[in-house]
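Student: The structure that follows is given in the form of structure tokens.
The values are calculated or read from the model by the stated rules, or taken from the named source; none is laboratory data. All figures in this text were calculated on a predicted structure; none of them were measured in a lab. Cβ sites come from the backbone with ideal geometry, for glycine too, and all protein chains shown count toward neighbours. With ligands, DNA and RNA removed, areas are computed over all heavy atoms of the protein, side chains included. Shrake-Rupley method; radii C 1.70, N 1.55, O 1.52, S 1.80 Å.
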Amino acid sequence: MQGNFTFFGFSGAGTGVRTAALSLVLGLGLSCSAAAQSSEQPAPKVSVAAAYSQDITQEAVFIGRGDAIDKVDIVARVNGFLQERMVEDGSLVAENDLLFRIEPDLYQATLDARKADLDKAQANLELAKVELARKEELLRREATPASEVDIARANELVAEAAVKSAHAAIQQAELDLSYTEIRAPFSGRMGRVTTSQGDVVGPSNPPLVTLVREAPIYVSFALNEKQLVNVLQELGETTDSLAQSKRSPDVHITLPNGTSLDETGHIVFIDNRIDPLTGAIVLRAEFANEKRLIVDGSFVHVRISALEPTRQVLIPQAALQRDQRGEFVLVVNDKQMVEQRYVTTGDTVGNAVIVLDGMREGESVIVEGLQRVRPGVAVDAVVAAEQPKD
């Protein structure tokens, strides 16, 4: 028997209509269920760390260069054959050690000749004195004209001048003879000797060797105008007094291999002008350099420490992010809501960074779970496993 029938309130006119209606009901039910489940989803969990304060001794870092206090090219001051060489390449020498000897025979002979000239000049002077006395006696007897006495007196003056000239010639000859022995003007280390025994050397020839004093040693570096003024204002010193002041800041060195020198240097010199091309002024710090780790001409990192530590706010580096506006952190406020905060940072201290502006001590920053949150959402904040300590 055929006819219309009713199924769940719908007419049985067709199976397609019943199927569509059932699908619509089921779809609406699932959507409502998902919405309810979404509204009950818990806030994302994040790990936070509190900003903390710590006494920090500020440091400024510069590029410096080792600069020997004494460095000299040893040059022969007289011409001659190099008779002896008493030092080896790179050897250590003490002040006044004999380094080289130039053949002295010619200069000894010259000295002997100058001494003979002195004897001759002294004999002529004695003769001139006797002649003057005799002429003066004859003049008293009116046995000779006054002009003869004048000539005799002039001859005596000439003889005295000849004696002085002979003394000067002897001094010059003695100097030349002394220059045949080349001695170290100060203690230090020799470089590579450029000449060999038997070579002809002289003032116009290249240096025989370079001698460098290794300890103590200077390290030269430069400060810009702002840094110089900051240092002077902090210390209450002037450029004249800073180098002599006991309040001069400590200077530390990082060697080329990255290790720190276990010595402290002190500023001993400040230049008297700022270079207009670089806007910087040159300073020198002196180091004992007992282990000879600072080498003349080597480049090192110079660190100047402040006299007194200052209280600074720090946060973990993991909390720091950057966009086009600059560096920022995500802060969790008292209502467990996320805020974006732009900050100004300073130096790093271990795994933390100094915040110069934008954070207060005790505020919480997100260090883990940053990718799951955004500003304005609520979060479930837990304290990070490791918290920095004062």
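Student: Can you give the three extents of the C-alpha atoms in segment 217-305 along their principal axes, from longest to shortest, in whole Å?
Tutor: Cα extents, longest axis first: 33, 31, 18 Å.
Student: Further question: Pull up the DSSP beta bridges for the chain and report the antiparallel fraction as a percent, rounded to 5.
Tutor: Bridges in the chain that DSSP calls antiparallel: roughly 95 percent.
Student: Over segment 72-209, average the accessible area per residue using a 1.4 Å probe and give it in Å², no decimals.
Tutor: 60
Student: Give the Kirkwood hydrodynamic radius (Å, one decimal) of segment 77-223, defined as one over the mean of 1/r across all pairs of different Cα atoms.
Tutor: For segment 77-223, inverting the mean 1/r across all distinct Cα pairs yields 19.5 Å.
Student: Enumerate the calculated ³J(HN,Hα) couplings along segment 277-293 in order (Karplus 6.51 cos²θ - 1.76 cosθ + 1.60, θ = phi - 60°), each rounded to whole Hz, writing x wherever the residue is Gly or Pro.
Tutor: Karplus values, whole Hz, x for Gly and Pro: 7, 9, x, 10, 10, 8, 10, 10, 10, 9, 10, 5, 6, 5, 8, 6, 7.
Student: To continue, here is another question. Label 7 Å along Cα→Cβ of A60; segment 197-230 residues with amide nitrogen under 14 Å?
Tutor: Answer for this model: 221-230.
Student: Want the number for S305 to I151: 0.36 nm per residue separation, take away the alpha-carbon distance, what's left?
Tutor: Length gained, S305 through I151: 47.4 nm.
Student: Compute the helix-to-body angle for 146-178: its Cα long axis versus the longest principal axis of the chain, expressed 0 to 90° and rounded to tens.
Tutor: On a 0 to 90 degree scale, this one is about 40.
Student: Percent relative contact order of the chain, based on C-alpha pairs within less than 8 angstrom and at least six residues apart?
Tutor: Here the relative contact order equals 26 percent.
Student: Give me the angle, in degrees from 0 to 90, between the Cα long axis of helix 225-235 and the longest principal axis of the Cα atoms of the chain, rounded to the nearest 10.
Tutor: 90
Student: Would you mind calculating the gained length between V382 and A288 on full extension (0.36 nm times residue separation, minus the Cα-Cα distance), in nm to one decimal?
Tutor: Between V382 and A288, full extension yields 28.6 nm more.
Student: Going by a ≥ b ≥ c, the root eigenvalues of the Cα gyration tensor, does the chain fall in the rounded group (a/c under 1.5), the prolate group (a/b larger than b/c) or the oblate group?
Tutor: Here the chain falls in the prolate category.
Student: Taking all protein chains as present, what is the carbon and sulfur share of the accessible area of the chain, in % to the nearest whole number, probe 1.4 Å?
Tutor: So the carbon and sulfur contribution to the accessible surface is 51 percent.
Student: Under 5 Å between amide hydrogens, which residues at least 5 positions from V355 or on another chain qualify, with H placed 1.01 Å from N in the peptide plane?
Tutor: Under 5 Å from the amide H of V355 lie the amide H atoms of V313, L314, I315, G346, each far enough along the sequence or on another chain.
Student: Right, another one. List the residues, sorted by chain then number, that are 5 or more residues from G80 or on another chain and whose placed amide H is less than 5 Å from its amide H.
Tutor: For G80, the qualifying residues are V201.
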